[in-house]
1. Using the Cα gyration tensor of region 3-83, with a ≥ b ≥ c the square roots of its eigenvalues, what is the shape: rounded (a/c below 1.5), prolate (a/b larger than b/c) or oblate (neither)?
2. I'd like the Karplus ³J(HN,Hα) series for region 111-123: coefficients 6.51, -1.76, 1.60, θ = phi - 60°, whole numbers in Hz, and an x wherever there's a Gly or Pro.
3. Which ³J(HN,Hα) values in Hz, rounded to whole numbers, follow from the phi angles of region 129-138 under the Karplus curve 6.51 cos²θ - 1.76 cosθ + 1.60, where θ = phi - 60° and Gly and Pro get x?
4. Need one number: nm distance between label points at VAL43 and ARG18, each 7 Å from Cα along Cα→Cβ, rounded to one decimal.
5. Taking the mean number of other Cβ atoms within 10 Å as a proxy for protection, how do you rank 13-24, 187-198 from highest to lowest?
6. Applying a 10 Å radius around every beta-carbon, put 51-61, 128-138 in order of their mean neighbour count, most first.
7. Would you grab the residues whose amide H sits under 5 Å from the one on LEU190? Only those 5+ places off in sequence or on another chain, please, with H modelled 1.01 Å from N.
8. Work out from phi, with θ = phi - 60° and the Karplus expression 6.51 cos²θ - 1.76 cosθ + 1.60, the ³J(HN,Hα) of each residue of region 183-190, listed in order in whole Hz, and give x for Gly and Pro.
Amino acid sequence: MSGFLDAFHEALDATPLRGERSFQAIIHRLLEHGIIVADDSEVERQLYEQAVSAFPLLRDWFEIAGLRLAHYREFRYLRLYPPGAHIPGVHQDDEEHLDASALRERYSPMEARLLLVLRALYDQALALGNLGDRGETSLPLEEVFTAMNTMMDTPMPEAAGERDRLFKRLKRLKAIDYVSSDAPESERWLAIRPMITTLVSGDLLADAIQYLEEMAANDGEAD
């Protein structure tokens with residue numbers, strides 16, 4: 001066994017984790033989903049608590065691979081960032097700030113636009129103090145549709161199945177949750193979760209808003 005592995009196992013033995021399997025389970029979950037939220041399920045709660053108990057070792061392990069692991073204690077979740085991604089609250093050089101291109105590569109254009117709109121709506125609720133106990137804000141689904149039209153000049157997909165797939169994708173990303181999933185779509189409410197702030201950076205949102213304002217100004221001059 002190499003000196004590196006000897007040192008790793010020594011560090012692992014110093015944590016409350018029970019051997020390599022627990023460590024591997026945390027790594028596999030983060031690599032597959034990119035996030036662990038303690039309040040979402042019993043499985044995630046256990047993984048979160050185990051990960052927090054060995055956080056320095058996990059952080060170092062991911063750092064060797066060029067990844068960044070961040071712990072958001074207020075809402076009890078961990079997020080794994082790919083190389084070059086912008087991490088809220090962490091200063092990075094311009095050449096390292098690649099979150100705009102990462103967003104285009106990871107998400108479809110419709111997903112990217114909807115994420116930007118949801119982040120803007122979340123910031124509005126935050127400014128007004130309209131957040132729940134878990135940091136979420138709830139609003140009618142129709143309000144999201146309207147915001148897509150007004151902010152992005154983009155209507156939601158016409159087919160209900162496409163809209164459902166879009167929201168299921170964002171739910172898997174932990175950006176949203178359903179408040180009334182069984183209700184008809186016209187009566188359905190959506191919860192925007194605080195994880196949206198670490199999925200879509202404030203800088204990226206500001207850049208998008210500036211771009212849209214410039215486009216609107218150019219259209220006005222053309223008219």
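1. oblate
2. These are the phi-based 3J(HN,Hα) values: 4, 5, 5, 5, 4, 5, 5, 4, 5, 5, 5, 5, 4 Hz.
3. x, 9, 10, x, 4, 9, x, 9, 10, 10
4. With each label point 7 Å from Cα toward Cβ, the separation is 1.8 nm.
5. My ranking of the peptides, most packed first, is 187-198, 13-24.
6. In decreasing order of mean packing, 51-61, 128-138 become 51-61, 128-138.
7. Under 5 Å from the amide H of LEU190 lie the amide H atoms of LEU139, LEU141, VAL179, each far enough along the sequence or on another chain.
8. 6, x, 4, 5, 10, 7, 10, 10
Each reported figure results from applying straightforward, stated rules to the coordinates on display, with no laboratory input. Computed from a prediction, not measured in an experiment: that's the story for all the values here. Methodologically, a virtual Cβ is constructed for each residue, glycine included, from the backbone with ideal geometry; neighbour enumeration extends over all protein chains shown.
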